[in-house]
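The values are calculated or read from the model by the stated rules, or taken from the named source; none is laboratory data. Fair warning: this is a prediction, and the values are worked out from it, not measured in the lab. Don't worry about glycine lacking a Cβ; one is built from the backbone with ideal geometry, like all the others, and counts go over all protein chains shown. The protein model used for the area step is the full one, side chains on, heavy atoms only, and it has no ligands, DNA or RNA in it. Shrake-Rupley method; radii C 1.70, N 1.55, O 1.52, S 1.80 Å.
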Amino acid sequence: MRLFSRRRRQAGPEEMVLGHPYDDTVLDAAVETGSLVAARTVLEECRDDHETRALRTDVLGRAFIGRADEIADAAAATDDPELWLLAGSAYRHEAWTVRGDGVAEEVGHDRYQIFFSILRKAVAPLHEAAARLAEDPCPWMVLVCVGQGLQVDREQQDEVWSEAVLRSPTLYPAHWYRVQALAAKWGGSHEAMLSFARETVARAPAGHPLTAVLPLAHFEVYLHNLEETYRARKRVEYFRIHTRYFEDNARELVDASDKWARDPVPHLRAREAHNLFAAALSQAGDLPRTRRHLLGMEDRLHPVPWAYLGDPEQEYRRTASRYLLT
């Protein structure tokens with residue numbers, strides 16, 4: 001059985017794999033078997049490796065969509081912290097599958113009510129997981145995303161965020177979720193989100209891909225502003241944002257990229273971060289850095305942020321043809 005679909009790109013010598021930016025063969029095997037025993041085993045073996053545990057929590061939660069109730073029942077029967085964590089992650093992914101990727105206005109009242117109902121089911125299992133493994137940041141990391149979806153007040157969101165980074169100060173996906181939670185589309189603001197991203201870059205150790213939260217935040221602003229100007233039929237402003245946004249913000253994106261480039265450390269999320277920088281810096285017209293990040297992606301294409309620009313495969317192909325084949 002082939003785990004991932006590979007498709008030959010017209011631009012560049014590599015075959016690109018969409019949506020699988022990590023290397024974890026043990027995780028892949030657990031996903032393929034669909035076994036709860038395998039899933040809890042691969043979660044248990046990485047309790048002290050927070051980045052690996054966070055990745056596996058997310059991937060397994062998505063793989064077990066439709067089985068969250070079954071996992072929650074198994075967790076209640078065994079009081080197993082891995083199963084509690086997996087149940088919470090699976091509920092989170094089930095809820096977001098119901099909601100879909102559309103903007104709030106396109107979701108509809110009935111679907112929103114189902115979304116909230118399923119997402120609320122994630123809360124108790126995640127608190128159970130946190131209570132049983134006090135040093136584990138992953139339940140709190142998932143709760144950052146759950147709190148965002150449930151639109152809990154800012155004080156509660158800040159508290160959950162603090163618990164996550166207290167246990168793992170540089171956890172990449174926790175920072176990713178925090179950017180989303182602070183976005184204007186979820187009741188935050190561009191100013192708060194960008195301030196958080198800039199502070200994260202300043203605190204990040206040199207050589208750490210955590211600096212990629214800055215292009216992530218800028219893509220959120222870019223997309224939001226494009227949608228706003230499109231709806232308002234402000235054609236001149238729409239065109240200016242479309243053509244100039246990343247060029248106007250190039251200086252801090254370059255600085256963030258360069259901070260990571262100084263003696264970069266091996267990291268599970270490096271390819272995701274390269275995707276973010278490659279897309280942002282290509283929009284800014286920075287040829288050498290775009291090329292470096294495109295090569296850093298290796299053969300892995302992540303939907304975020306390429307989908308913010310259009311069809312991910314087409315946008316990658318267009319960028320690669322300009323920056324890799326020149």
Notebook entry, point to check: Restricting the first residue to the stretch 34-53 and requiring it to be under 16 Å from Asp136 (Cβ atoms), which pairs with a second residue that is open to solvent by 30 Å² or more (accessible area, probe 1.4 Å) and hydrophobic (A, V, I, L, M, F, W, C) meet a Cβ separation below 7 Å and a spacing of at least six or different chains?
Noted result: Val42/Val26; Arg47/Leu133; Glu51/Leu268; Thr52/Leu268
Note to self: For the stretch 95-139, give me every one of the helices (runs of 4 or more DSSP H) that falls completely inside it and has 1 or more residues that are at pLDDT 95 or above and under 25 Å from Val304 (Cβ atoms).
What the structure shows: 109-121, 123-132
Check: Can you find a residue in the stretch 30-44 that is charged (D, E, K, R), touching a Pro at 6+ places or on another chain (Cβ under 9 Å), assigned to a helix (DSSP H, G or I) and closer than 25 Å to Ser117 by Cβ?
Finding: no
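So which residues in the stretch 297-326 are part of a helix (DSSP H, G or I), open to solvent by 20 Å² or more (accessible area, probe 1.4 Å) and among the small types (Gly, Ala, Ser), if there are any at all?
Residues satisfying the conditions are Ala307, Ser321.
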Check: Only one of (1) in a loop (DSSP other than H, G, I, E, B); (2) open to solvent by less than 60 Å² (accessible area, probe 1.4 Å); (3) out of contact with any helix residue (DSSP H, G or I) (no Cβ under 7 Å at 6 or more places or on another chain) fails for Pro21. Which number is that?
Finding: (3)
Check: Does any residue of the stretch 279-294 turn out to be more than 18 Å from the chain's Cα centre (by Cα), closer than 24 Å to Phe196 by Cα and not in a helix (DSSP H, G or I)?
Finding: no
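For the stretch 54-67, how many residues are more than 15 Å from the chain's Cα centre (by Cα) and part of a helix (DSSP H, G or I)? Please lay out each step first, then the result.
Let us first name the residues in the stretch 54-67 that are more than 15 Å from the chain's Cα centre (by Cα), namely 63-67.
Next cut, part of a helix (DSSP H, G or I) only: 63.
Within the stretch 54-67, residues that are more than 15 Å from the chain's Cα centre (by Cα) and part of a helix (DSSP H, G or I) number 1.
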